[in-house]
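Worksheet: one structure, shown below.
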Amino acid sequence: MSAAAEPDSPRSMTSRSVRPAATQGVLLALVSAVLYTATNICLRAAAHCDPYWVSCLKAVPTLLLVAPTVAWAAWRGRPCLPSRRVQAWLFLTGLLAHIGGNVAFQWGLGIVGLAAAVPLTFSTLLVAGALLGRIWLGEGITVRAAVALALLCSAVALLGLHTEMARAPTIAPAVGREPDAFTRALAVATVLFSGIAYAVLGAVIRRMVTGVARPDATLLVISIAGVASLGGLSWLRLGTSGMVATAPRDWAVMLQGGLYNAVAFFLLTRAMQIIPVAYVNVVNASQTAMAAMAGVLFFHEPTTAALFVGVGLMFIGILLYRPASRSPHD
């Protein structure tokens, strides 16, 4: 074979085909982060509502979005749902993500505050996601990736510091009295656990959608787990009258946030079909910087040096991070 024909070798052709796919995965994860930021802006406006009820309504649009696609596939005779064993694992993962992730984060947030909860959650998500990708999915971690993760964790911590510095002093604390040391320690552990729960969710989705289950079927089972469990817990806490008594504005805000969340979740799942889960988590962590900027733009929070440095480190960390190799499940 001549030298001129070498660029058309299978290896080079595969390399050329992988790069556009990886770029598509990064863009999907980035758009997902933007939509998750929009979700959090909506949920911030409903922070006075019951966290179980808020989390339940946030999961409803995802269920409504994916259920028709699965039903359409079933009506046309296409295989749409995975085996019952896989469905059971997805349902348990959904319970872990919604209760151990969403609700646990919301409870810990009320004790340790936003400035501590967000850095703890995302730092745990980044590290645990990379470890799960390495151990369970066979996705390598290079020295360059480890340095990028360290920069990203530092960026998240600085953005949390900015949140604390920008918080208005007139805002009342989330609890009526200062929590004791045990309660604060429990809240920190709960927030850390929520990061692990989100990391497990990402790893399971990555494993499922790269050969075991359709993305819409995966989201269907996970959202059913969320709506069923959180709806039942909301009814036990509020009763039917309390759930119905939700103000129309709160209904609109929560469902709007849920719609953004549904599209973001779908795009994130699609990204996990293309790029490693740790890479998805890295790009998705940019929502912490987006949320901080949204606080400045939409809620008139002051700018701080921590904000600018944190956003800069976030940008560098995302550009620096590169997955070691494609997963064997790709």
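Scan the stretch 210-225 and tell me whether some residue there is of a type in the set (Lys, Arg) and at pLDDT below 90.
Yes: the stretch 210-225 contains one or more residues that are of a type in the set (Lys, Arg) and at pLDDT below 90.
Please go through the stretch 111-136 and pick out each residue that is open to solvent by less than 20 Å² (accessible area, probe 1.4 Å) and out of contact with any helix residue (DSSP H, G or I) (no Cβ under 6 Å at 6 or more places or on another chain).
Gly113
Specify the residue that is modelled with the highest pLDDT; the eligible residues are those in the stretch 27-39 that are surrounded by fewer than 19 Cβ atoms within 10 Å (Cβ to Cβ) and either in contact with a helix residue (DSSP H, G or I) (Cβ under 7 Å, 6 or more places away or on another chain) or in a loop (DSSP other than H, G, I, E, B) (or both).
Per the criteria, the residue is Val31.
For Tyr279, state whether it is assigned to a helix (DSSP H, G or I) and touching a Ser or Thr at 6+ places or on another chain (Cβ under 8 Å).
Considered against the rule, which asks whether it is assigned to a helix (DSSP H, G or I) and touching a Ser or Thr at 6+ places or on another chain (Cβ under 8 Å), Tyr279 comes out as no.
How many residues, within the stretch 205-238, are open to solvent by less than 20 Å² (accessible area, probe 1.4 Å) and either small (Gly, Ala, Ser) or without any contact (Cβ under 8 Å) to a residue 60 or more places away in the chain (or both)?
Residues meeting the conditions: 7.
How many residues are closer than 14 Å to Tyr260 by Cα and of a type in the set (Lys, Arg) when one looks only at the stretch 38-90?
Residues meeting the conditions: 2.
Looking at the stretch 74-92, can you tell me whether even one residue there is at pLDDT 90 or above and within 17 Å of the chain's Cα centre (by Cα)?
Yes, there is a match, as at least one residue in the stretch 74-92 is at pLDDT 90 or above and within 17 Å of the chain's Cα centre (by Cα).
Mind listing whichever residues of the stretch 136-166 are over 23 Å from Ala306 (Cα atoms) and among the polar types (S, T, N, Q)?
Once the filter is applied, which keeps residues that are over 23 Å from Ala306 (Cα atoms) and among the polar types (S, T, N, Q), the stretch 136-166 yields only Thr142.
The values are calculated or read from the model by the stated rules, or taken from the named source; none is laboratory data. All figures in this text were calculated on a predicted structure; none of them were measured in a lab. Glycine also receives a Cβ, built like all others from the backbone with ideal geometry; neighbour counts cover every protein chain displayed. Accessible surface is based on the protein model in full, side chains and every heavy atom, while ligands, DNA and RNA are left aside. Shrake-Rupley method; radii C 1.70, N 1.55, O 1.52, S 1.80 Å.
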